[in-house]
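Notes follow the structure.
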Amino acid sequence: MAGTKHCECQWKRLTPELVQSIAAFTHPNDAAGALKLVDHETCSALRSSFNTLYMAQKPPIKVWRLRGELHRAALPWPGVDFAAHWGRPEPWLALTLPQRRRLLCLAASSGHAPSLDAALAHCGCTLTPEVLAAAAAAGNMAFCVRLMAMRERPPSSSSRLPINVGEALAEIAAQNGQLPVLQLLLANCEDFGIAPAVSAAARGACAGGHLDVLAWLQQVHGYSPKTRDVEAAARAGQVVMLEHLLGLLFETAYAPLAITPARMRFVAAFKRANEGNGRRCNRRLLLLAMIHGCPVEALRRHYSCRPPWRWRLGGAPGVAVAAAAAAAAGNWEVADSNAELAEERTEPEASRRPGGGQQQSATDEGLSSSAGLVEQAAAAVGSATRCWAAKLDFLRHRWGGAVFDQVLRGVRGGLEASAGIWAAAARPADALERLRWLRREHGGGGFLADAVKPAALQAASEGRAAELRYLWDECGGAWEDDDFVHRLVGAAGCGGGAGGGAGGDAGVLQLLAERGNAAFTVLHAWNEVRTGNGTGTRLEWLVENATGEVDMDEWDQQNVVPPDVLWGCVWEEAARQGADVPLLRALRELRGVPIDLGALAEGGSEEALEWAAAELEQEAQAAAAAAAAAVQAQAAEQAPAQAPEQQAQLEAAGGGGLRVR
């Protein structure tokens, strides 16, 4: 129509740089799976930056009761693309058994029914409790019902969940706030397993900070919060849940007041005066849990609080009532002093009971002695929060600069205490920053090289080459002690010791070989796969570099397998754990190990089985060709010697035989 202005798409006027900036504010799955499909120009602008669809949240969470990991699907979930790609059998051929199980867990966690249908149709593996745990954590009720009906169990067993599985699943569901799924799981637990499952669910609800789940457990199952629930909330940093639990444990009808340190003291005095024996908790553990998991603001509010559950005030009812009355009137100073007086009057009575004095002194030691201060410093420097430095500054302010420095330098507690602080600093993901902080505060000198050894062992066990190199260069001095290098190798997970490492790349092994002159052998490779690390880069490095001779003095006499055939055992165990074809091929080519189809069938992919079958066929053909060549060579060697003898026999039988001219 004439005069009508056609609306121009404003998106097309954007430059590629602006499109990339906008895409950076979206989830990578949205950018790669949706935004790129807007038009050709947008696809061209995002092609190099957004070309991957993510299916998992990283890292997976360890579930010790299930001896596995909790895999969580990425959100938003690329359901259409997943079903289109993994809904065919061909992509599954390249996946090992652990990879197929992981993909099934992600589909169960996604909430996308076509994705779960595709995974169940092509995964080719049984349903483990980890799959149900993934669905429970995501709150997929329909998936949980479906998977519980499909799970395999012995014919003679009950259809209900075993105790350990019920506990683990209940805790996971409660920690993620999935109340309907929790109700389903508790309804399907064994009768004698409901109580443990309820306790585990309460602990999970406290760690997850879900007040509604905890309230339901109290109302329906009559659960009474325990002091371990308070510690779980504190360690997980759930401040609202922590203060709610403190109010539940120590509330009283006589003082409906806000939670304050003084209120907690007078409530303790009042409850102990009227109840005699109440709940008792180790205040030291709760304080350490708060330092580890709670933000510094919560630590400032509760650090000076004396939790009442450790007091025994049955012998001082008058002082207890006085503390209660003072607190009710708002006179916190009087309430505070009366509560402390009640505690002092209780001390002699506790010491007169068998073991009572030792128990009380141990409690006090855990709070104010050198050992208690060292524990608090270690909890702060290894804290799970980003405000770990602020926590250390707060402790410095509370203790005084001189005491704080003495704790860090090992003047209080000695070498072992200082080493514990360094080891705690080496555990978090940002360990390098915390180790540098400790190095600046310590200032060097003294027994620094020995104090940082536990931190070096921790870094080696976590596979962190950067942290280990920093400690070696800046703190360790010349670690030329063969015994300590051997301990580092053991901490790295391949030393044959009891404490294997948790993973990591081969950088730690390379560093130990270069700096410590560590000679790696087949025993190190065997211990690597024995501890469940048969699919990582460290085993690849050992296959190429483990050329040392085995020290027979270190060889366990109980092992019936001689070291010269141990590479074959390494291959078998790696195949069972789902090692990929390049690693198996390297073991075969560099170490000359035979192929075990049975081990490969347990955990390998179909492509790996096809490769192994082709290798065996080629090996059989080569052996047959070599055997035929050997027969022909033997016949050729015997032919010249047999010809004159046969000619003589013919001449004797036929008068010289026939001669053809």
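The values are calculated or read from the model by the stated rules, or taken from the named source; none is laboratory data. Everything quoted here is computed from the prediction, not taken from an experiment. When we count neighbours, we look across all protein chains shown, and the Cβ atoms used for this are built from the backbone with ideal geometry, even at glycine. Note: areas computed on protein heavy atoms with side chains; ligands, DNA, RNA excluded. Shrake-Rupley method; radii C 1.70, N 1.55, O 1.52, S 1.80 Å.
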Open item on the list: In the stretch 588-602, whose amide N lies under 17 Å from the spot 7 Å out along Cα-to-Cβ of Gln618? List them in ranges.
Closed with: 588-597
Task: Diffusion coefficient, µm² s⁻¹, Stokes-Einstein with Kirkwood Rh over alpha-carbon pairs of the stretch 1-138 at 20 °C and 1.002 mPa s - done: 125 µm²/s
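So if each residue of separation counts as 0.36 nm, and I subtract the Cα-Cα distance between Ala636 and Cys387, what length gain in nm does that give?
Details: separation 249, 0.36 × 249 = 89.64 nm, distance 8.44 nm.
Roughly 81.2 nm would be gained on extension.
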- [ ] Would you please give the residues with an amide H less than 5 Å from that of His112, counting only those at least 5 places away or on a separate chain, with H modeled from the backbone geometry?
- [x] none
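Rounded to the nearest 0.05, what FRET efficiency is calculated for Glu297 and Ile61 with R0 set to 25 Å and r the Cβ-Cβ distance?
Details: r = 26 Å, r/R0 = 1.06.
Taking R0 as 25 Å, the efficiency between Glu297 and Ile61 is 0.40.
Carbon and sulfur atoms: what percent of the 1.4 Å accessible area of the stretch 78-235 do they account for?
Details: 3490 of 6310 Å².
Carbon plus sulfur share of accessible area: 55 percent.
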- [ ] Starting from the Cα-Cα distance between Glu610 and Arg13, subtract it from 0.36 nm times their residue separation and give me the gain in nm to one decimal.
- [x] 209.7 nm
Task: Whole-Å distance, taken between Cα centres, linking the stretch 403-478 and the stretch 525-547 - done: 28 Å
TODO: Find how much the distance from Met150 to Asp450 grows on full extension, using 0.36 nm per residue of separation minus their present alpha carbon separation; answer in nm with one decimal.
DONE: 102.5 nm
Task: Modelled label reach - Ala466, point 7 Å along Cα→Cβ, the stretch 53-68 residues with backbone N closer than 19 Å - done: 58-59
Task: Ala56 long-range amide H proximity, modeled H, under 5 Å - done: Ala74
Task: Theoretical FRET efficiency, 1/(1+(r/R0)^6), r = Cβ-Cβ of Glu602 and Val240, R0 45 Å, to 0.05 - done: 0.45
Open item on the list: Quick check: pseudo-label points 7 Å beyond the Cα along Cα→Cβ at Ser304 and Gln183, how many nm apart are they?
Closed with: 4.6 nm
TODO: Give me the distance in nm between label points sitting 7 Å out from Cα along the Cα-to-Cβ direction at Ala402 and Ser369, one decimal.
DONE: 2.3 nm
Task: Estimated FRET transfer efficiency (Asp117, Arg228; beta-carbon r; R0 45 Å; 0.05) - done: 0.65
Task: Label-point separation, Ala625 to Asn517 (7 Å along Cα→Cβ), nm - done: 4.7 nm
TODO: Hey, can you grab everything whose amide H is under 5 Å from the amide H of Leu161? Only 5+ residues off in sequence or another chain; H modelled, so Pro and N-termini drop out.
DONE: Cys189, Glu190
